[in-house]
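Engineer: Quick one: this structure, given as C-alpha cells, is what I'll be asking you about.
No value in this document is a laboratory result; all are computed from the given coordinates. Since we're looking at a predicted model, the values are computed, not measured. All Cβ positions, even for glycine, are placed from backbone atoms using ideal geometry, and neighbour counts span all protein chains on display.
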Amino acid sequence: METPSSRAAAPGERAPVDACFATQAEACRHLGSPFTAALCEMLRADLDTRSAFGRRILSWGRRATADALALRAAGALHFLARSKRAPELAAAYPPQDVGEAALRRALAAAIGEHDEFLAGFLDRPPQTNEAARSSILLGGALYVASVVKRPLEILEIGASAGLNLHFDRYSHDLGVGRWGPPDAGLRLVCDWRGAPPPLCAPLEIAARSGCDVDPLDPGLPADRERLLAYVWPDQAERLARMETALALAARREERVERADAGDFLAARLAAPLAPGRARLLHHSIVWQYLPLETKTRAKALIEAAGAAATRAAPFAWARMEADGDMRSAAVTLTLWPSGESVALGRADFHGRWAQWNAKAPVPIS
C-alpha cells in the first residue's frame, strides 16, 4: 500500500496541503504567533521532495487540514529546536529574532540533518492540551452545578495529558471575580466579558476521568517535551503555563485512559450514576480531530444518555469547539432531562478571553 511517506506528490495533491499551511498561518497571526505564521508560510513555499519530511508532507493529500498537518510539521521542528540536537535551528527560534534568511537556512539545515526524525514525528496527531481553557470549562461546570445542585462526575474526551481534568484545582482570575484555591500552583487569568458565571454555585467534583487515543503522561519527560513542542515558540507565557500545569499534573494520581472516544463513552455512559450525583461530559478543541465514524458514534451515545437522564440523574454535555470562525470557539451546553441547549458564549482558542452570553440558569426543582 502506498502511504504519504512512500511516494512523491501527485498533481493536484499539493493543493490541500498548501491550503492547510496557508490557513494555519492566518490562524497563527490571529492568535498572536507571528513566528509560527511565518514558519508555516516558509514551509509552504520551500518544502520539496528531496527530503522524506518534504515528500511526506507534500503527498499528504486531502486530509491535510483534518489531520492538522501544519501543526504536526511545526511541532516537529519546535521539538527538534528544544532538544538542542540542532544548534543552528535552536539559535533561530524565539526568543532570538534572526530574520527570514537566517531562519530559512536553519530550517534547510535541520531538515537535511534530521530528516528521518522529522518525517517520523508526523506520525502522531498534535496535542494542544491548553490549560487556560480550564477557565472556560469552569464556566460551564459552574452553570451545570447551579442548575443540578449536586456533585458532578466529570468525563472528558480528547484529554491529552489531562491538564483540563484538573480545571477546578487551579486558581482562576476572571476579572469579574476570582474562583479556586488561592494557593493553587497555577493561576489562570481570563478576560471575562459579558455575564459573569455563577461563581457561588456549589461546585463539587465527585469523580473525574478522561480518555485520549494517544494520551501523554505528564510524568514522562519525553511526553512533556512533545506537548511543549506544540506550544508556539514565540508565546513564552503559554510555554511557562504549560510547564507549570504539567508539573502539577505529574504529581496527581489521575492519568488519561488510552481509548477511542466512542469506546470510552460507551463504557462510561453505561455505568450506573451514583445516587445524588450528576454527570458532566465536557471537551475542548477536540471534535475537529475525531474521525467521522467516531463523531457519529459519540453523538449517538451522548443523545442516548440524554434520553435516559432523569431529574434524579441529570446529564450535561458542555463543549468548547471550533465552528468555522478562526478567531474564537463556540461554547455550548446541553442539559438533560430537558434536552435544552444553551449557547453559553464564545472563547479564545487559548483561553485568553471569554464572551459569556448565558443568562442566570434556573435550578432543577
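Engineer: If R0 is 30 Å, what FRET efficiency do you get for Glu321 and Arg169 from their C-beta distance, rounded to 0.05?
Structural biologist: Working from the Cβ atoms, E equals 0.80.
Engineer: Just to be sure I understand: of the beta bridges DSSP finds with both ends in the chain, what percent are antiparallel, rounded to 5?
Structural biologist: Within the chain, antiparallel bridges account for around 45 percent of the total.
Engineer: If you wrap a convex hull around the Cα atoms of region 146-269, how much volume per residue is inside, in Å³?
Structural biologist: Convex hull volume per residue, Cα atoms: 135 Å³.
Engineer: Once label points are set 7 Å from the Cα along Cα→Cβ at both Asp18 and Ala195, what is their separation, rounded to one decimal in nm?
Structural biologist: Result for the modelled spin labels: 4.7 nm.
Engineer: Further, regarding this structure: With the Cα gyration tensor of region 131-356 giving a ≥ b ≥ c as the square roots of its eigenvalues, does the rule (a/c under 1.5 for rounded; else a/b larger than b/c for prolate; else oblate) give rounded, prolate or oblate?
Structural biologist: Rounded, since a/c falls under 1.5.
Engineer: For Lys299 and Glu253, what does the FRET efficiency come to when R0 = 41 Å and r is the distance between their Cβ atoms, rounded to the nearest 0.05?
Structural biologist: Computed FRET efficiency for Lys299 and Glu253 comes out at 0.85.
Engineer: So if we plug the beta-carbon distance of Asp214 and Arg178 into 1/(1 + (r/R0)^6) with R0 = 45 Å, what FRET efficiency do we get, rounded to 0.05?
Structural biologist: 0.80
Engineer: Rounded to the nearest Å, what's the spacing between the alpha carbon centres of region 33-105 and region 123-187? Just the number, please.
Structural biologist: Each part reduced to its Cα centre gives a spacing of 31 Å.
Engineer: Right, another one. Within the set of other residues whose C-beta is less than 9 Å from the C-beta of Trp356, count the net charge using Lys and Arg as +1 and Asp and Glu as -1.
Structural biologist: Net charge around Trp356: +2.
Engineer: Quick one: compute the contact order of region 131-356, relative version, from alpha carbon pairs under 8 angstrom and 6+ residues apart, as a percent.
Structural biologist: It comes to 25 percent, rounded to a whole number.
Engineer: Go ahead and estimate [θ] at 222 nm for the chain from helices alone: -39,500 (n - 2.57) per DSSP H run with n ≥ 4, summed, over the residue count, rounded to 500.
Structural biologist: -12500 deg cm²/dmol
Engineer: So, one more: What lysines does Lys149 reach when the alpha-carbon gap must be under 21 Å and sequence neighbours fewer than 8 apart in one chain are set aside?
Structural biologist: Lys359
Engineer: Report, by chain and number, residues whose modeled amide H sits under 5 Å from the one on Gly345, excluding near sequence neighbours (fewer than 5 apart, same chain).
Structural biologist: Long-range HN contacts for Gly345: Val331, Asn357.
Engineer: By how many degrees, between 0 and 90 and to the nearest 10, does the Cα long axis of helix 236-250 differ from the longest principal axis of the chain?
Structural biologist: Helix 236-250 sits at roughly 60 degrees to that axis.
Engineer: For a paramagnetic label modelled at 7 Å from the Cα of Ala102 toward its Cβ, which residues of region 18-48 fall within the zone defined by backbone nitrogen distances under 13 Å?
Structural biologist: Counting only backbone N, you get no residues.
Engineer: Size of the dipole of the chain about the Cα centre, Lys and Arg at +1 and Asp and Glu at -1 on the beta carbon, nothing else charged, in debye to 20?
Structural biologist: In debye, rounded to 20, the chain gives about 660.
Engineer: A further question on this structure: Exposure proxy check: Arg279, Arg224 ranked by fewest other beta carbons within 10 Å?
Structural biologist: Ordered by Cβ neighbours within 10 Å, fewest first: Arg224, Arg279.
Engineer: What order do you get for Val189, Val231 when you list them from fewest to most C-beta neighbours inside 10 Å?
Structural biologist: Placing the least packed residue first, the sequence is Val189, Val231.
Engineer: Arrange Ile205, Ile136 by Cβ neighbour counts within 10 Å, fewest through most, would you?
Structural biologist: Ile205, Ile136
Engineer: Given 0.36 nm per residue, what is the gain on full extension from Ser341 to Ala90 after removing their alpha carbon distance, in nm?
Structural biologist: 85.6 nm
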